[in-house]
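Novice: Mind having a look at this structure? Questions to follow.
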Amino acid sequence: MKKCLMVFLMASLMGCGGTKTENKIEEVKVISPKTEHHSESITKVFDAHGGFGNWSEMKQLSYDMSNGQHHLIELQSRYTRIESENDTTGFDGNEVWVTPATVNASRARMTYNLYFYFYAFPFVVGDEGVIYEDVEPMNILGTTYNGVKISYENGIGESSKDNYIIYSDPETNKMAWLMYTATFGGEEASDRWSLIKYDQWQTINGITIPKSLQWYQYKDGEVGGMRNELLFENVKLSKEVPNMDNFKMPEGAQIAPRG
C-alpha cells in the first residue's frame, strides 16, 4: 500500500538542504491493494477489523497519545508528522527529519513510525512482501487464541528481520495480543519476544482500531503483569488527503542519518 499513492505536485518535496518549496497535491489515485498473498487466517483478522479493502481507502490517520505526542500520518505512502513538547519529527517521503536538531536524531529513522505501526495492526501487515504462517494456538492468561506469524521478504521495510505473531479470538477473529521481536534495522533476527495486549477498541469509518496498547512482561513463555500502557485519544481516520505541507522539512531541520 505504501506505493499506491500517485501524487502530482506543482513542485517537488524539499531536498536535504532544508529550503522550503511549494507543495500542492493536484490529484490522488488509489490503486486497488494487492491481496493475493493474504492467507485465509489473516484475511479473517482483517475482516474482523473492518476489512483490508476499506482500510486501503483511508488516506489519513491522526491521534493524541498519553505520552504527549500528536501523530499525523498520510496512510497511502506513510508520510508522517509527530509533534511533542520538545521537538517535531517528520517523514517527507524520502528523509526523516527532526527539529530542533538533537543528538538523538540517529535513532529517529528506525523509531519514528514505531507507535503508528503497533497502533495500526493488523492492517500494517497487509502490504506486499509479507509472509503469513499459521502457528499453534497459544493460551495467554487462561484463554486460548489462534496465531498467525508474520515475517518479511528480504529488503522489505526498515527492519525486514522483525517478526510478529497476531493472536486472535477464535470466535470473533479480532486481535487480542501481539508478540513481536525488534531488530531496529539490525541484520540478525532476534529471539527475544515482547507482548502487547489489544482489548479496547473503537470503530471509526468502519475500521476497528485500538483505544489503548498495553505492554506485558513476558519471558521464557511466561506472561507477567502489565508494565506500560499508552492511550490514544482524539482519533481521526478518513478518506480525505491531509495537507501535505505538514510533512515538508522545515528550514534548519536535522536529517536523521541512514544506517
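The values are calculated or read from the model by the stated rules, or taken from the named source; none is laboratory data. Just so it is clear, the structure is predicted and the values come from calculations on it, not from any experiment. As a convention, Cβ positions derive from the backbone with ideal geometry for all residues, glycine included, and neighbour counts pool all protein chains shown. For accessibility, only protein heavy atoms count, side chains too; no ligands or nucleic acids. Shrake-Rupley method; radii C 1.70, N 1.55, O 1.52, S 1.80 Å.
Novice: In a Debye calculation with equal point scatterers on the alpha-carbon sites of the range 48-124 and no solvent, what is log10 I(q)/I(0) at q = 0.27 Å⁻¹?
Specialist: So the normalised log intensities are -1.42.
Novice: Related question: Solvent-accessible area per residue for the range 104-156 at a 1.4 Å probe radius, Å²?
Specialist: With all protein chains present, the range 104-156 gives 46 Å² per residue.
Novice: Also, I was wondering about something else. With a 1.4 Å probe and all protein chains in place, put 192, 227 in order of accessible area, largest first.
Specialist: On the way: 192 185, 227 135 Å².
Accessible-area ranking of 192, 227, largest first: 192, 227.
Novice: With each label point set 7 Å from Cα along the Cα-Cβ vector, what nm distance links residue 104 and residue 37?
Specialist: Once both label points are built, they end up 3.3 nm from each other.
Novice: Pairs to check: 44/239; 149/219; 34/219; 34/197. Give those whose C-alpha atoms are more than 30 Å from each other in this structure.
Specialist: Over 30 Å apart, Cα to Cα: 34/219.
Novice: Given a 1.4 angstrom probe, I'd like the percentage of the accessible area of the range 40-255 that is carbon and sulfur, rounded to a whole number.
Specialist: Of the solvent-accessible surface of the range 40-255, carbon and sulfur hold 40 percent.
Novice: Another question about this same structure. Could you work out the local net charge near residue 36, counting Lys and Arg as +1, Asp and Glu as -1, over the other residues with Cβ closer than 13 Å to its Cβ?
Specialist: Here the count lands on -2.
Novice: Can you bin every Cα-Cα distance in the range 40-255 into 5 Å intervals starting at zero and give me the percent of pairs per bin, rounded to whole numbers?
Specialist: For the range 40-255, the binned pair fractions read 1, 7, 14, 18, 20, 18, 13, 6, 2, 1, 0 percent.
Novice: Work out how much length residue 201 to residue 54 would gain on full extension: take 0.36 nm times their residue separation and subtract the Cα-Cα distance, in nm to one decimal.
Specialist: 51.2 nm
Novice: What's the long-distance tail for the range 199-255, i.e. % of Cα pairs beyond 17 Å? Before the final figure, lay out each step's value.
Specialist: On the way: 1020 of 1596 pairs.
Considering the range 199-255, 64 percent of its Cα-Cα pairs are separated by more than 17 Å.
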